[in-house]
Amino acid sequence: MTITKEIVEYAAALSRLKLDDAETEDMQKQMSAIVDYMDVLNKLDTENVEPLSHVFSISNVMREDEVVPSYDREALLDNAPERNEECFVVPKTVE
Amino acid sequence: MKWEVVMGLEVHVELATKTKIFCSCTTEFGGEPNTHCCPVCTGMPGTLPVFNRQVLEYAVRAGLALNCDITRYNKFDRKNYFYPDLPKAYQISQLYLPFAQNGHVDLKLKSGKTSQIRIHEIHMEEDAGKLVHSAYDDSTYLDYNRCGIPLIEIVSEPDFREAEEVTAYLSKLKSVFEYLGISDCRMEEGSMRADVNLSVRPEGSTEFGTRTEMKNINSLRAIERAIAYESKRQIELIEDGGKVVQETRRWDDAKGESYAMRSKENAQDYRYFPEPDIPPLSISEEEIQHYIDITPEFADAKAERFMKDFGLSEEDADIIAASKNLAYIFEETVKLCDSPSEVRFWIMSQVLYYANEKNLDLEKLSISPEKFAEFVKFITGGKVTRQAGKQVFEQLMFGGTDFDVAAYIKENELEAVEDTGLIDSTVKAVIDANPKAVEQYKGGGTKIMGFFVGQVMKQLKGKADPAAVNKAVLDALEKL
Ligand SMILES: [Zn+2]
């Protein structure tokens, strides 16, 4: 599969990223290299191999349903680029 | 041309766990914005979600109750989308291996007709946060208290043909989940939400038409209206030579119409991939057997039993049994007073009257069966009339835990008038005061009887046995 300029632009749009021409070209090269490597992997015979669902062979990692006091709101909001006293604030998502 | 409406439902149900699906924050409703949050549910980088054991139990029990095959080896998938209601920019969900598949729900409709709705699948996922779009500036405010609440999404096959099936289905899900104790399913609070996929096709056709999806419907009444609106819109559109466009529409209940969401919001490319943060979950045969063993008696079986054991009509039995709490109150009270028909009378008249009048959730009503039974004994023993009893019953429902039935009746002098002398003298006084009505009676106006009885009951404040008053009035008039 070739990574076209359109694919990069589409992926960028889905992630709400604004790329200039140079960045788009750079991404096109990088993403192509990643996808080309998949072609190498695809040469392996995986006919009788179960698809991997997790990198470690562990399962049933669960916690009990017990409430732990929530985090200090100030500390959480402090990480936000924009906030008010009680909420995270983002540019309006509807018109 | 005759049209057939075809619908499928996607129902999201919040599970009543104490904590969120991937972190230990409380799921309690309300609270100041962002106070039920932590680094995991606000999507801070470097955090690791850990699955809540209780979610799996509730989910599997829901699946079993809806006759599904349970997936023994479960995985989660990452659904990517960029919208600030999910701070991680993805939702942890299940795409490739939903935990339950191929179920069905049997419905009983008002006409007596039955219908079966097939369940395609049920999967687990996390709820999103709340967005408040400011009316004053160009900002959206985010509250993540609901973000990470465990959800199951029940996806039906396109088996619905009329709105009544949809509301019956939702009512049934609510009843089943309440009996299981896994969700309170309050549509108004958003703990149960339904998306309706709807298309129309000429009757007899086997091909599906183009469907639209309606979101944001938060009551059974609104769903009925939304379905009526959307079917009419699609039929008119096609009959006018137009074409239905596949789109997501938002239902505005205040305006009574739906409108298409902009195409940007419609863009659906979720780029699912296996969720690396959550290891797979396997469910053992023993666990599944255990959940089957602890399955409670559901509404249908309970209604059958109420009809058989207590002589309830099918309609009354269905209404009482549909609510876990109402069925509990009914059955416990009957155990204590052994008067099913009298208990039925008060539930069907007063309890449902107030529930409707005050828009109460039947599951949250608290009526003590002990006090209810004590009250019923006053009625069946002829100590208090049904008329005067209404006042007592209102207190029984809303008077709080300290309400004392006997003391209230005594204080308010609500005991039935058993003194036949008093009844007779009241009858005489009413007859003496209404010579015109007496003339009418003598002239063959037997309907006037009701007037005399009504007057006597009024003077006795509804506290006399209506049958005794009736007899006394008749006797007195005959003697004139
Ligand atoms: Zn949290």
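We did not get these values from a lab; they are worked out from the coordinates using the rules stated. Values in this document were obtained by computation on a predicted structure and should not be read as measured data. Quick reminder, even Gly has a Cβ in these numbers, built from the backbone with ideal geometry, and neighbours come from all protein chains shown.
Let me confirm one metric for peptide A:81-87, namely the mean number of other chain beta-carbon atoms within 10 Å of its residues' beta-carbons. Provide the component values of the computation, followed by the final result.
Numbers: counts 0, 1, 3, 3, 2, 6, 12.
Neighbouring Cβ atoms belonging to other protein chains average 4 per residue here.
Once each part is reduced to its C-alpha centroid, what is the distance from the stretch B:139-214 to the stretch B:1-44 in angstrom?
When both Cα centres are located, 13 Å separates them.
Considering amide H positions built from the backbone, and no H for Pro or chain starts, which residues 5 or more places from B:A100, or on another chain, come under 5 Å of its amide H?
Correct list: B:T71, B:I122.
Net charge near B:K79: determine it from the other residues with C-beta under 12 Å of the C-beta of B:K79, scoring Lys and Arg +1 and Asp and Glu -1. Write down the numbers at each step before the final one.
Values: positive: B:R78, B:K88, B:R271; negative: B:D77, B:E125, B:E126, B:E153, B:D269, B:E275.
Within the 12 Å Cβ shell, the charges total -3.
Ordered by residue, what ³J(HN,Hα) values in Hz, to whole numbers, does the stretch B:157-162 give under the Karplus form 6.51 cos²θ - 1.76 cosθ + 1.60, where θ = phi - 60° and Gly and Pro are x?
7, x, 9, 8, 10, 9
Peptides A:49-55, B:144-150: what's the order by average Cβ count within 10 Å, highest mean first?
Output ranking for A:49-55, B:144-150: B:144-150, A:49-55.
Show the residues, 5+ positions off or on another chain, whose built amide H is closer than 5 Å to the amide H of B:S139.
So B:S139 has HN proximity to A:K92, B:S134.
Helix-derived [θ] at 222 nm for chain B: sum -39500 (n - 2.57) over DSSP H runs of at least 4, divide by residue count, nearest 500? It would help to have the intermediate numbers written out before the result.
On the way: 17 runs with 191 residues, N = 480.
Calculated mean residue ellipticity at 222 nm is -12000 deg cm²/dmol.
Calculate the FRET efficiency for A:L14 and B:K390 from the Cβ-Cβ distance with a Förster distance of 56 Å, rounded to the nearest 0.05. Numbers along the way, then the final one.
On the way: r = 62 Å, r/R0 = 1.12.
So, using R0 = 56 Å, E works out to roughly 0.35.
Taking each residue in B:280-286, count the Cβ atoms of any other chain within 10 Å of its Cβ, then average. What number comes out?
Numbers: counts 7, 4, 2, 1, 1, 0, 0.
Counting Cβ atoms of other protein chains within 10 Å of each residue's Cβ and averaging gives 2.
Under 19 Å from the 7 Å Cα→Cβ point of A:R63, by amide nitrogen: which residues of the stretch B:10-30?
In the stretch B:10-30, the label zone of A:R63 (backbone N under 19 Å from the point 7 Å along Cα→Cβ) covers B:15-29.
On a 0 to 90° scale, report how tilted helix B:299-310 is relative to the longest principal axis of chain B, with both axes built from alpha carbons and the result rounded to the nearest 10.
The two axes meet at around 20 degrees.
I'd like the FRET efficiency for B:D432 and B:F398, computed as 1/(1 + (r/R0)^6) with the beta carbon distance as r and R0 of 41 Å, rounded to 0.05.
Numbers: r = 41 Å, r/R0 = 0.99.
Computed FRET efficiency for B:D432 and B:F398 comes out at 0.50.
Using 1/(1 + (r/R0)^6) with R0 = 51 angstrom and r between the beta carbons of A:N84 and B:M307, what's the FRET efficiency to the nearest 0.05?
Working: r = 58 Å, r/R0 = 1.14.
Working from the Cβ atoms, E equals 0.30.
Please list, by residue number, everything in the stretch B:93-115 whose backbone N is under 18 Å from a paramagnetic label point 7 Å out along Cα→Cβ of B:N356.
Correct set: B:110-111.
Enter the angle in degrees (range 0 to 90, nearest 10) between the Cα long axis of helix B:420-433 and the first principal axis of the Cα atoms of chain B, meaning the one along which they spread out most.
With both axes taken from Cα atoms, the answer is about 80 degrees.
Tilt of helix B:324-337 relative to the longest C-alpha principal axis of chain B, in degrees (0 to 90, nearest 10)?
Taking the Cα atoms of chain B, the angle to B:324-337 is about 30 degrees.
How far apart, in nanometres, would the label points at B:S171 and A:N48 be if each is projected 7 angstrom from Cα along the Cα-to-Cβ direction?
5.7
If one computes the Cα centroid of the stretch B:301-325 and of the stretch B:271-296, what distance in Å separates the two points?
34
What trypsin sites (Lys or Arg not before Pro) in the stretch B:329-436 are in a loop by DSSP, with at most 12 other Cβ atoms within 10 Å of the Cβ?
Details: sites: B:K335, B:R344, B:K358, B:K364, B:K371, B:K377, B:K383, B:R386, B:K390, B:K410, B:K428, B:K436; in loops: B:K358, B:K383.
Answer by residue number: B:K358.
At a Cα cut-off below 24 Å, give the lysines reachable from B:K2, other chains included and same-chain residues fewer than 8 away excluded.
B:K110, B:K113, B:K232, B:K243
Would you please name the GluC sites (Glu not before Pro) within the stretch B:1-51 that are DSSP coil residues with at most 16 other C-beta atoms within 10 Å of their C-beta?
Working: sites: B:E4, B:E10, B:E14, B:E28; in loops: B:E28.
Loop-located and lightly packed - B:E28.
Looking at the stretch B:197-297, which trypsin sites (Lys or Arg not before Pro) are DSSP coil and have at most 10 other C-beta atoms within 10 Å of their C-beta?
Values: sites: B:R211, B:K215, B:R221, B:R225, B:K232, B:R233, B:K243, B:R249, B:R250, B:K255, B:R262, B:K264, B:R271; in loops: B:R211, B:K243, B:K255, B:R262, B:R271.
Listed in order of number, the matching sites are B:K243, B:K255.
Hey, can you grab everything whose amide H is under 5 Å from the amide H of B:I119? Only 5+ residues off in sequence or another chain; H modelled, so Pro and N-termini drop out.
B:G103, B:H104, B:V105, B:E157
Hey, how much of the P(r) for chain B falls beyond 38 Å, as a percent of Cα pairs?
On the way: 48795 of 114960 pairs.
Here the tail beyond 38 Å accounts for 42 percent of pairs.
In terms of Cα to Cα distance under 24 Å, which lysines are near enough to B:K436, apart from those fewer than 8 places away along the same chain?
Hits, sequence-local ones excluded: B:K428, B:K447, B:K458, B:K461, B:K471, B:K479.
Step through the residues of the stretch B:128-140 one at a time and calculate ³J(HN,Hα) from phi using the Karplus curve (6.51 cos²θ - 1.76 cosθ + 1.60, θ = phi - 60°), rounding each to whole Hz and writing x for Gly and Pro.
Whole-Hz 3J(HN,Hα) from phi for the stretch B:128-140: 9, x, 9, 9, 10, 8, 5, 8, 10, 9, 8, 10, 10.
Compute the distance from the alpha-carbon center of the stretch B:83-113 to that of the stretch B:397-444, in whole Å.
57
Count charges around B:M187 for me, please; just the other residues with Cβ under 9 Å from its Cβ, Lys/Arg as +1, Asp/Glu as -1. Working shown, then result.
Values: positive: B:K174, B:R186, B:R193; negative: B:E188, B:E189.
Its environment carries a net charge of +1.
Kindly provide log₁₀ I(q)/I(0) values, in the same order as q = 0.14, 0.18 Å⁻¹, from the Debye equation applied to equal alpha-carbon scatterers of chain A.
-0.97, -0.96
Taking the highest mean first, how do the peptides A:74-82, B:97-105 order by number of other beta carbon atoms within 10 angstrom per residue?
Values: A:74-82: 12.8, B:97-105: 20.2.
With the highest mean Cβ count within 10 Å placed first, the list reads B:97-105, A:74-82.
Which of the lysines could be linked to B:K18 by a straight reach, that is with a Cα gap under 26 Å, when you skip same-chain ones fewer than 8 residues away?
Reachable lysines: B:K75, B:K79, B:K88, B:K130, B:K172, B:K174, B:K324, B:K364.
Take chain A, mark every one of the trypsin sites (Lys or Arg not before Pro) that falls in a DSSP loop and has at most 13 other Cβ within 10 Å, then report the longest stretch left between them, sites excluded.
A:44-95
Full-extension gain between B:F273 and B:D138, please, as 0.36 nm times their residue separation minus the C-alpha to C-alpha distance.
Numbers: separation 135, 0.36 × 135 = 48.60 nm, distance 3.40 nm.
Contour length minus Cα-Cα distance gives 45.2 nm.
Return the average number of partner chain Cβ atoms within 10 angstrom of each residue Cβ along peptide B:298-306. Mind dumping the intermediate values first?
Working: counts 0, 0, 0, 0, 0, 0, 0, 0, 0.
The shielding value for this peptide is 0.
Could you run the Karplus curve 6.51 cos²θ - 1.76 cosθ + 1.60 with θ = phi - 60° over the stretch B:203-210 and give me ³J(HN,Hα) per residue in whole Hz, x for Gly and Pro?
4, x, 6, 10, 7, 8, x, 6
Within 10 Å, count the other beta carbons around each residue, average over each peptide in B:19-26, B:412-419, and list them highest first.
Highest mean packing first, the order is B:19-26, B:412-419.
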